[in-house]
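The values are calculated or read from the model by the stated rules, or taken from the named source; none is laboratory data. Please read all numbers here as calculations on a predicted model, not as lab measurements. Note that we place each Cβ from the backbone using ideal geometry, even for glycine, and neighbour counts take in every protein chain shown.
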Amino acid sequence: MKAKRNMENIRTWFITGASKGFGLSLVRQLLQAGQNVAATSRDLNALVAAVGITEPNFLPLEVDLGNEDSVGCAIHQANAAFKSIDVVINNAGYGIGGSIEELSDRETRDCFEINVFGTLNVIRMVMPYMRAQMSGHIINISSIAGITGTSGWSVYAATKFSVVGMTEVLAQDVAEFGVKVTVVAPGAFRTSFLNADSINIGQHTIRDYTAVHNAQELLLERDGKQNGDPDKAAAAIIELAHMENPPLYLLLGEDAYNRAMAKLDRLKAEYLLNEELSKAMAYNG
């Protein structure tokens, strides 16, 4: 049964990459709770079919995230329909596997186009509305790969590291407007992320990279066997958006938590290893 609508608690949520995975789970749970949802996908029909319901508080949008005008039009439509945009969840993205040498310039740029520049386009287009209303919450979905990457996924890690770094500074830049910012780093969840339509493997393969290819195969074999429940992840992200003082970082999944903690230990050890050399860079005298 759908939750009763309480006008005081209704917000407008703008979610990218909403036809599958976390995005789809978010849309379904938010509509069930009576929230206003503007959701984007590259394929409008696929989005509508995946959500499976039509509601006056649901605005499906076909958007090319790499096109600033397309993104701006979608943001304008969402604000016109619901009179505000309160929470933005930059969820769209895809994985790409291969060593840097194996991946072409085009393959690399295409991944950055969606994973990084698409996110930047949404933020750039939504900030005038959030500045005007002096409120809002931007949630960028990165990955544990954006904190500690793994062999075979260098370019994907680069895009997700970019999202983490950009989010850290964005939070400082928009704080004076009352806009909150969080970066979410999920681990392995049982979504379609490892399916062929969500992940690309470089077309050019160099046999010498045996360790890289073995690492890729091990990851792809986990498709459908991941421990993480995407519905629980969506619920956690929704809970995050309702926090009065949300964190800048949120790890999702025990695997993500453990990998992040191990990275902290490695960083500290590496930094301390050459402390004397690091500090000895000032002019003498």
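Do you know which residues across region 140-169 are in a helix (DSSP H, G or I), of a type outside the set (D, E) and closer than 25 Å to H242 by Cα?
Hits for region 140-169 are I144, G146, K160, V163, V164, G165, M166, T167, V169.
Given the criterion touching a residue at least 24 places away in the same chain (Cβ under 8 Å), touching a helix residue (DSSP H, G or I) at 6+ places or on another chain (Cβ under 6 Å) and surrounded by fewer than 19 Cβ atoms within 10 Å (Cβ to Cβ), identify the matching residue among F161, F177.
F177
Pick from region 123-139 the residues that are assigned to a strand (DSSP E or B) and on the phi < 0 side of the Ramachandran plot: which of them is nearest to the chain's Cα centre (by Cα)?
I139
Of everything in region 78-101 that's touching a Cys at 6+ places or on another chain (Cβ under 9 Å) and assigned to a loop (DSSP other than H, G, I, E, B), which residue is surrounded by the fewest Cβ atoms within 10 Å (Cβ to Cβ)? Steps first, answer last, please.
Within region 78-101, the subset touching a Cys at 6+ places or on another chain (Cβ under 9 Å) is 93-96.
Keeping just the survivors that are assigned to a loop (DSSP other than H, G, I, E, B) gives 93-94.
Details: G93: 27, Y94: 16.
Ranking the candidates gives Y94 first.
Residue by residue through region 256-285, note down the ones that are surrounded by fewer than 10 Cβ atoms within 10 Å (Cβ to Cβ), at negative phi and outside any helix (DSSP H, G or I).
A280, M281, A282, Y283, N284, listed by residue number.
For region 117-139, check the following and say yes or no: at least one residue is polar (S, T, N, Q) and more than 23 Å from L240 (Cβ to Cβ).
No; the residues of region 117-139 include none that is polar (S, T, N, Q) and more than 23 Å from L240 (Cβ to Cβ).
Which condition number in (1) within 21 Å of N200 (Cβ to Cβ); (2) part of a helix (DSSP H, G or I); (3) polar (S, T, N, Q) is the one that S70 fails?
(1)
Which residue pairs have Cβ atoms under 9 Å apart, sit 6 or more places apart or on different chains, and have a first residue in region 220-236 that is under 14 Å from V184 (Cα atoms) and a second that is of a type in the set (G, A, S) and modelled with pLDDT under 75?
Sorted first by the residue in region 220-236, then by its partner, the list stays empty.
Just need a number here: residues in region 7-19 that are not in a strand (DSSP E or B) and not acidic (D, E). It would help to see each step written out before you state the result.
To start, the set of residues in region 7-19 that are not in a strand (DSSP E or B) comprises 7-11, 16-19.
Pick out the ones that are also not acidic (D, E) and you get 7, 9-11, 16-19.
Summing the residues that are not in a strand (DSSP E or B) and not acidic (D, E) in region 7-19 gives 8.
Spot the failing condition for L120; the list is (1) buried (at least 20 other Cβ atoms within 10 Å of the Cβ); (2) under 12 Å from the mean Cα position of the chain (by Cα); (3) in contact (Cβ under 8 Å) with a residue 24 or more places away in the chain, and only one is missed.
Unmet for L120, out of (1) buried (at least 20 other Cβ atoms within 10 Å of the Cβ); (2) under 12 Å from the mean Cα position of the chain (by Cα); (3) in contact (Cβ under 8 Å) with a residue 24 or more places away in the chain: (1).
Every residue in region 20-54 that is modelled with pLDDT of 90 or more, assigned to a loop (DSSP other than H, G, I, E, B) and either in contact with a Pro (Cβ under 9 Å, 6 or more places away or on another chain) or hydrophobic (A, V, I, L, M, F, W, C) (or both), please. Even if it seems obvious, please write down each step before you answer.
Going through region 20-54, the residues modelled with pLDDT of 90 or more turn out to be 23-51.
Next, only the ones that are assigned to a loop (DSSP other than H, G, I, E, B) stay: 33-35, 42-43.
Answer for region 20-54, where residues must be modelled with pLDDT of 90 or more, assigned to a loop (DSSP other than H, G, I, E, B) and either in contact with a Pro (Cβ under 9 Å, 6 or more places away or on another chain) or hydrophobic (A, V, I, L, M, F, W, C) (or both): just A33.
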